[in-house]
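Note sheet for the following structure.
The values are calculated or read from the model by the stated rules, or taken from the named source; none is laboratory data. The structure presented is a predicted model; accordingly, all values stated were derived computationally and were not measured. Positions of Cβ are generated from backbone atoms using ideal geometry, with glycine treated the same way; all protein chains shown enter the neighbour counts. Each accessible area value is taken on the protein alone, full model and side chains, heavy atoms only, with ligands, DNA and RNA left out. Shrake-Rupley method; radii C 1.70, N 1.55, O 1.52, S 1.80 Å.
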Amino acid sequence: MGWQDTSEPFYTRRTPFNERYRTPNMERLAREGMKFSQAYACPVCSPTRVSLMTGMNAARHRVTNWTLHKDKSTDAPHARLIFPTGT
């Protein structure tokens, strides 16, 4: 879900995408005072879940992709990109 994928605008003004969706519960939460307008979530759930459990963002805890096996990378090899290693 993106920042425009709700009928509740998360920008200074409504966008055409806000008109496309109907999300009454999001509108109710915003009306009652629960609206996060400055946030970031990773495109896969593993880094976001780690962030919620640890209180750190993905750059800090270094889980940036989905996870399958402990201590085993799921990142595809890249000709020029070197993934960080370390503690």
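May I have the convex hull volume per residue, in Å³, for the Cα set of the stretch 1-77?
Expressed per residue, the convex hull around the Cα atoms of the stretch 1-77 is 143 Å³.
With all protein chains present, how much of the accessible area of the stretch 1-63 (probe radius 1.4 Å) comes from carbon and sulfur, to the nearest whole percent?
On the way: 2850 of 5190 Å².
Roughly 55 percent of what the probe reaches on the stretch 1-63 is carbon or sulfur.
Taking 8 Å as the Cα distance limit and 6 or more residues as the minimum spacing, I'd like the relative contact order of the chain as a percentage.
Normalised by residue count, the contact order of the chain is 16 percent.
How much accessible surface area, in Å² rounded to 10, belongs to the heavy atoms of Met53 with a 1.4 Å probe?
Answer for Met53: close to 150 Å² accessible.
So, for the chain, what is the accessible surface per residue at a probe of 1.4 Å, expressed in square angstrom? Before the final figure, lay out the partial values.
Details: 7790 Å² over 87 residues.
Result: 90 Å² per residue.
Just tell me the longest site-free run in the chain, where the sites are chymotrypsin sites (Phe, Trp or Tyr not before Pro) in a DSSP loop having at most 11 other beta-carbon atoms within 10 Å.
41-87
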